[in-house]
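Contents: one structure, followed by commentary.
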Amino acid sequence: MDERQDHHVHSTFSDDAVSTLDENVAAASDRGLRVLRLVDHVRLSTTWVPDFLAAVAALDVPDGLEVCTGVEAKILDSAGRLDLPDGLGTHPGVDRVLVADHQFPGADGPVSPRVVRDGILTPQDAADALDVVVTATVAAMHQVDRAQIAHLFSLLPKIGVSEDQVTDEHVAALGAAAAATGTTIEVNEKWACPGPRVVRALLAAGVELVVSTDSHVASDVGRYARVSEILRVADSS
(Lines give C-alpha, C1' and ligand atoms only; values in the text may rest on other atoms or scores of the structure.)
Protein backbone atom coordinates (compact mmCIF):
# COMPACT_ATOMS: atom_id res chain seq x y z
CA MET A 1 0.00 0.00 0.00
CA ASP A 2 2.47 2.54 -1.32
CA GLU A 3 1.13 6.08 -0.94
CA ARG A 4 3.14 7.04 -4.02
CA GLN A 5 0.31 5.40 -5.94
CA ASP A 6 -3.28 6.43 -6.64
CA HIS A 7 -5.54 3.73 -8.05
CA HIS A 8 -8.79 5.68 -8.53
CA VAL A 9 -8.67 9.06 -10.30
CA HIS A 10 -11.53 10.50 -12.39
CA SER A 11 -11.35 12.78 -15.40
CA THR A 12 -13.78 14.76 -17.53
CA PHE A 13 -14.88 11.47 -19.13
CA SER A 14 -16.94 11.21 -15.91
CA ASP A 15 -19.82 13.68 -15.72
CA ASP A 16 -19.00 14.63 -12.13
CA ALA A 17 -15.25 15.33 -12.53
CA VAL A 18 -13.55 18.54 -13.61
CA SER A 19 -9.93 17.70 -14.56
CA THR A 20 -8.65 16.31 -17.84
CA LEU A 21 -6.52 13.20 -18.21
CA ASP A 22 -3.50 15.41 -18.93
CA GLU A 23 -4.10 17.48 -15.80
CA ASN A 24 -4.32 14.34 -13.66
CA VAL A 25 -1.07 12.99 -15.11
CA ALA A 26 0.69 16.31 -14.49
CA ALA A 27 -0.56 16.40 -10.89
CA ALA A 28 0.58 12.82 -10.28
CA SER A 29 4.01 13.57 -11.68
CA ASP A 30 4.35 16.77 -9.64
CA ARG A 31 3.57 14.80 -6.46
CA GLY A 32 6.11 12.10 -7.23
CA LEU A 33 3.61 9.30 -7.73
CA ARG A 34 4.84 6.08 -9.25
CA VAL A 35 1.47 4.61 -10.31
CA LEU A 36 -1.69 6.39 -11.46
CA ARG A 37 -4.90 4.58 -12.36
CA LEU A 38 -7.20 6.67 -14.54
CA VAL A 39 -10.79 5.59 -13.94
CA ASP A 40 -14.14 6.85 -15.17
CA HIS A 41 -17.78 5.98 -14.48
CA VAL A 42 -19.61 3.73 -16.92
CA ARG A 43 -23.16 2.45 -17.31
CA LEU A 44 -24.65 -0.28 -19.47
CA SER A 45 -25.33 2.37 -22.13
CA THR A 46 -21.80 3.88 -22.17
CA THR A 47 -20.19 4.03 -25.62
CA TRP A 48 -17.15 6.28 -25.10
CA VAL A 49 -14.72 3.76 -23.57
CA PRO A 50 -12.75 3.30 -26.85
CA ASP A 51 -12.24 7.09 -26.95
CA PHE A 52 -11.14 7.06 -23.31
CA LEU A 53 -8.62 4.27 -23.92
CA ALA A 54 -7.27 6.01 -27.02
CA ALA A 55 -6.88 9.26 -25.08
CA VAL A 56 -4.99 7.46 -22.30
CA ALA A 57 -2.73 5.77 -24.84
CA ALA A 58 -1.92 9.16 -26.39
CA LEU A 59 -0.89 10.78 -23.09
CA ASP A 60 2.62 12.14 -22.69
CA VAL A 61 3.56 10.26 -19.51
CA PRO A 62 6.68 11.45 -17.66
CA ASP A 63 9.44 8.98 -16.86
CA GLY A 64 8.95 7.22 -13.56
CA LEU A 65 5.15 7.24 -13.70
CA GLU A 66 3.12 4.20 -14.71
CA VAL A 67 -0.38 4.98 -15.96
CA CYS A 68 -3.05 2.28 -15.70
CA THR A 69 -6.69 2.24 -16.74
CA GLY A 70 -10.01 1.38 -15.17
CA VAL A 71 -13.75 1.82 -15.40
CA GLU A 72 -16.08 2.13 -12.43
CA ALA A 73 -19.45 0.35 -12.49
CA LYS A 74 -22.03 0.14 -9.74
CA ILE A 75 -23.46 -3.11 -8.39
CA LEU A 76 -27.01 -3.34 -9.72
CA ASP A 77 -28.56 -6.10 -7.65
CA SER A 78 -28.06 -8.68 -4.93
CA ALA A 79 -26.76 -11.18 -7.50
CA GLY A 80 -23.78 -8.89 -8.14
CA ARG A 81 -24.74 -7.87 -11.67
CA LEU A 82 -22.82 -4.77 -12.77
CA ASP A 83 -23.81 -1.63 -14.66
CA LEU A 84 -21.14 -2.43 -17.24
CA PRO A 85 -21.24 -2.42 -21.05
CA ASP A 86 -20.89 -5.83 -22.68
CA GLY A 87 -17.31 -6.93 -23.19
CA LEU A 88 -15.62 -4.51 -20.80
CA GLY A 89 -15.21 -7.14 -18.12
CA THR A 90 -12.58 -8.87 -20.23
CA HIS A 91 -11.46 -5.97 -22.46
CA PRO A 92 -7.65 -6.12 -22.78
CA GLY A 93 -7.35 -2.33 -22.64
CA VAL A 94 -9.14 -2.01 -19.30
CA ASP A 95 -6.72 -2.96 -16.54
CA ARG A 96 -9.32 -2.97 -13.76
CA VAL A 97 -13.08 -2.88 -13.39
CA LEU A 98 -13.87 -0.95 -10.22
CA VAL A 99 -16.91 -2.39 -8.46
CA ALA A 100 -18.83 0.30 -6.58
CA ASP A 101 -21.65 0.32 -4.02
CA HIS A 102 -23.33 3.52 -5.24
CA GLN A 103 -26.82 2.26 -4.46
CA PHE A 104 -28.26 -0.57 -2.40
CA PRO A 105 -28.22 -3.82 -4.42
CA GLY A 106 -31.82 -4.96 -4.16
CA ALA A 107 -33.15 -8.27 -5.40
CA ASP A 108 -34.74 -6.62 -8.43
CA GLY A 109 -32.28 -3.81 -8.98
CA PRO A 110 -30.70 -0.78 -7.31
CA VAL A 111 -32.58 0.83 -4.44
CA SER A 112 -32.07 4.37 -3.16
CA PRO A 113 -30.02 4.36 0.06
CA ARG A 114 -32.59 6.71 1.61
CA VAL A 115 -35.35 4.16 1.05
CA VAL A 116 -33.27 1.45 2.68
CA ARG A 117 -32.35 3.72 5.61
CA ASP A 118 -36.00 4.50 6.25
CA GLY A 119 -36.76 0.78 6.34
CA ILE A 120 -34.08 -0.12 8.89
CA LEU A 121 -35.97 -0.05 12.17
CA THR A 122 -34.30 -2.83 14.19
CA PRO A 123 -30.82 -4.31 14.65
CA GLN A 124 -31.98 -7.31 12.63
CA ASP A 125 -32.94 -5.04 9.74
CA ALA A 126 -29.41 -3.62 9.78
CA ALA A 127 -27.89 -7.11 9.89
CA ASP A 128 -30.04 -8.21 6.97
CA ALA A 129 -29.00 -5.17 4.93
CA LEU A 130 -25.34 -5.86 5.65
CA ASP A 131 -25.78 -9.47 4.54
CA VAL A 132 -27.14 -8.25 1.21
CA VAL A 133 -24.31 -5.76 0.68
CA VAL A 134 -21.64 -8.34 1.43
CA THR A 135 -23.30 -11.09 -0.62
CA ALA A 136 -23.68 -8.78 -3.62
CA THR A 137 -20.09 -7.57 -3.36
CA VAL A 138 -18.77 -11.13 -3.22
CA ALA A 139 -20.91 -12.08 -6.22
CA ALA A 140 -19.68 -9.07 -8.17
CA MET A 141 -16.08 -10.23 -7.74
CA HIS A 142 -16.96 -13.23 -9.90
CA GLN A 143 -18.56 -11.16 -12.67
CA VAL A 144 -15.38 -9.75 -14.22
CA ASP A 145 -11.69 -10.41 -14.53
CA ARG A 146 -9.33 -7.98 -12.78
CA ALA A 147 -11.87 -6.50 -10.37
CA GLN A 148 -11.09 -3.77 -7.85
CA ILE A 149 -13.53 -3.01 -5.06
CA ALA A 150 -14.00 0.75 -4.88
CA HIS A 151 -14.68 2.43 -1.52
CA LEU A 152 -15.77 -0.75 0.28
CA PHE A 153 -18.62 0.04 2.74
CA SER A 154 -19.08 3.66 1.61
CA LEU A 155 -22.76 2.78 1.24
CA LEU A 156 -23.21 1.97 4.92
CA PRO A 157 -23.50 5.53 6.36
CA LYS A 158 -26.00 6.32 3.60
CA ILE A 159 -28.30 3.53 4.82
CA GLY A 160 -27.77 4.37 8.49
CA VAL A 161 -25.41 1.51 9.29
CA SER A 162 -21.92 1.76 10.78
CA GLU A 163 -18.88 -0.20 9.66
CA ASP A 164 -18.63 -1.26 13.31
CA GLN A 165 -21.70 -3.41 12.66
CA VAL A 166 -19.86 -5.39 9.99
CA THR A 167 -19.15 -8.79 11.52
CA ASP A 168 -15.93 -10.77 11.39
CA GLU A 169 -17.84 -13.32 9.29
CA HIS A 170 -18.69 -10.64 6.73
CA VAL A 171 -15.06 -9.57 6.48
CA ALA A 172 -13.90 -13.18 6.23
CA ALA A 173 -16.29 -13.81 3.34
CA LEU A 174 -15.06 -10.73 1.50
CA GLY A 175 -11.43 -11.60 2.14
CA ALA A 176 -11.79 -15.20 1.00
CA ALA A 177 -13.58 -14.18 -2.19
CA ALA A 178 -11.09 -11.43 -3.01
CA ALA A 179 -8.11 -13.70 -2.44
CA ALA A 180 -9.66 -16.48 -4.53
CA THR A 181 -10.58 -14.23 -7.46
CA GLY A 182 -7.52 -11.97 -7.41
CA THR A 183 -9.70 -8.97 -6.64
CA THR A 184 -7.95 -5.84 -5.39
CA ILE A 185 -9.59 -3.77 -2.65
CA GLU A 186 -8.81 -0.09 -2.31
CA VAL A 187 -8.45 1.98 0.84
CA ASN A 188 -10.29 5.12 -0.20
CA GLU A 189 -9.43 8.68 0.84
CA LYS A 190 -12.70 10.34 -0.20
CA TRP A 191 -14.90 8.00 1.85
CA ALA A 192 -12.30 6.98 4.49
CA CYS A 193 -13.07 3.31 4.10
CA PRO A 194 -12.60 0.52 4.87
CA GLY A 195 -11.43 1.14 8.42
CA PRO A 196 -8.39 -0.26 10.24
CA ARG A 197 -10.08 -3.42 11.54
CA VAL A 198 -11.20 -4.44 8.07
CA VAL A 199 -7.85 -3.50 6.54
CA ARG A 200 -6.01 -5.75 9.00
CA ALA A 201 -8.36 -8.67 8.36
CA LEU A 202 -8.13 -8.35 4.58
CA LEU A 203 -4.35 -8.25 4.68
CA ALA A 204 -4.34 -11.34 6.90
CA ALA A 205 -6.54 -13.07 4.31
CA GLY A 206 -3.96 -12.39 1.60
CA VAL A 207 -5.93 -9.69 -0.23
CA GLU A 208 -4.04 -7.17 -2.34
CA LEU A 209 -4.86 -3.69 -1.04
CA VAL A 210 -4.12 -0.42 -2.83
CA VAL A 211 -4.63 3.22 -1.90
CA SER A 212 -6.79 5.67 -3.82
CA THR A 213 -8.04 9.22 -3.54
CA ASP A 214 -11.15 8.78 -5.71
CA SER A 215 -10.29 12.29 -6.85
CA HIS A 216 -12.56 14.25 -9.16
CA VAL A 217 -10.16 17.19 -9.45
CA ALA A 218 -6.43 17.11 -10.14
CA SER A 219 -5.55 19.03 -6.98
CA ASP A 220 -6.64 15.98 -4.93
CA VAL A 221 -4.56 13.41 -6.83
CA GLY A 222 -2.15 11.56 -4.57
CA ARG A 223 -3.05 13.58 -1.46
CA TYR A 224 -3.68 11.31 1.53
CA ALA A 225 -4.72 12.22 5.05
CA ARG A 226 -7.51 9.88 6.11
CA VAL A 227 -5.94 6.93 4.30
CA SER A 228 -2.64 7.60 6.05
CA GLU A 229 -4.40 7.54 9.42
CA ILE A 230 -6.29 4.33 8.59
CA LEU A 231 -3.04 2.62 7.64
CA ARG A 232 -1.24 3.98 10.71
CA VAL A 233 -3.90 2.64 13.07
CA ALA A 234 -4.13 -0.68 11.21
CA ASP A 235 -0.37 -1.12 11.47
CA SER A 236 -0.20 -0.20 15.17
CA SER A 237 -3.11 -2.30 16.42
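Report in % the part of the accessible area of the chain that belongs to carbon and sulfur, leaving out ligands and nucleic acids; probe 1.4 Å.
Here carbon and sulfur together make up 50 percent of the probe-accessible area.
Compute the FRET efficiency between ALA176 and LEU65 as 1/(1 + (r/R0)^6), taking r as their Cβ-Cβ distance and R0 = 25 Å, and round to the nearest 0.05.
0.15
Express in Å², to the nearest 10, the accessible area of TRP191 obtained by rolling a 1.4 Å probe over the protein heavy atoms while all chains stay in place.
100 Å²
Could you sort THR12, THR137 by their accessible area in this structure, using a 1.4 Å probe and putting the largest first?
The ordering from most to least exposed comes out as THR12, THR137.
Which whole-number percentage describes the relative contact order of the chain, with Cα contacts under 8 Å and a sequence gap of 6 or more?
Reported relative contact order: 22 percent.
So if I place +1 on the C-beta of Lys and Arg and -1 on the C-beta of Asp and Glu, and nothing else carries charge, what would the dipole magnitude of the chain be about its Cα centre? I want it in debye, nearest 20.
260 debye
How big is the chain on each of its three principal axes, counting only the C-alpha atoms and giving the largest first in Å?
54, 44, 31
Taking amide H atoms as placed 1.01 Å from N in the peptide plane, list the residues 5 or more away in sequence, or in a different chain, whose amide H sits under 5 Å from that of LYS74.
ASP83, ALA100
Computed over the Cα atoms, what is the radius of gyration of segment 152-230 divided by 2.2 N^0.38 Å, N being its residue count?
1.11
Please report the antiparallel percentage of DSSP beta bridges with both residues in the chain, rounded to the nearest 5.
Around 15 percent antiparallel, to the nearest 5.
How big, on average over all directions, is the shadow cast by the Cα convex hull of segment 38-153, in nm²?
Reported value for the Cα convex hull: 8.2 nm².
Under 5 Å between amide H atoms, partner at least 5 residues away or on a different chain: which partners does VAL111 have, H built in plane at 1.01 Å?
The answer is PHE104, GLY106.
Count the DSSP beta bridges whose two residues both fall in segment 55-123, then state the antiparallel fraction as a percent rounded to the nearest 5.
45 percent
Once label points are set 7 Å from the Cα along Cα→Cβ at both SER45 and ARG4, what is their separation, rounded to one decimal in nm?
4.4 nm
Hey, can you find the accessible area per residue of segment 141-237 for me, probe 1.4 Å, expressed in square angstrom?
Spelled out: the 1.4 Å probe surface of segment 141-237, per residue, equals 40 Å².
Can you tell me how much longer the chain between ARG232 and ASP86 gets when fully stretched, taken as 0.36 nm per residue apart minus their C-alpha distance, in nm with one decimal?
Additional length available on full extension: 48.6 nm.
Between segment 1-43 and segment 118-197, how far is it from one alpha carbon centroid to the other, in angstrom?
Segment 1-43 and segment 118-197 have Cα centres separated by 24 Å.
Take ALA225 and ASP125, extend 7 Å from each Cα along the Cα→Cβ direction, and tell me the distance between the two endpoints in nm.
The two pseudo-label positions are separated by 3.5 nm.
Dipole of the chain (Lys/Arg Cβ +1, Asp/Glu Cβ -1, origin at the Cα centre): which of MET141, TRP48, ALA225 lies farthest to the positive side?
Farthest towards the positive end: ALA225.
Expected output is a single nm value to one decimal: the length gained when fully extending between ASP164 and GLU208, i.e. 0.36 nm times separation in residues minus the C-alpha distance. What is it?
That works out to 13.6 nm of additional length.
Quote to one decimal, in nm, the extra length available between VAL115 and ASP145 on full extension: 0.36 nm per residue of separation minus the C-alpha distance between them.
Gain in length upon complete extension: 7.6 nm.
Testing the spin-label approximation: label points 7 Å from Cα along Cα→Cβ at GLU23 and ALA58. State their distance in nm.
Here the answer is 1.8 nm between the modelled labels.
Rounded to the nearest 10 Å², what accessible area does LEU203 show when all protein chains are kept and the probe is 1.4 Å?
Rounded to the nearest 10, the figure is 80 Å².
The values are calculated or read from the model by the stated rules, or taken from the named source; none is laboratory data. Please read these numbers as outputs of a predicted model, since none were measured by experiment. Glycine gets a Cβ as well: all are built from the backbone with ideal geometry, and neighbour counts include every protein chain shown. Heads up: the accessible areas ignore ligands, DNA and RNA and are worked out on the full protein's heavy atoms, side chains in. Shrake-Rupley method; radii C 1.70, N 1.55, O 1.52, S 1.80 Å.
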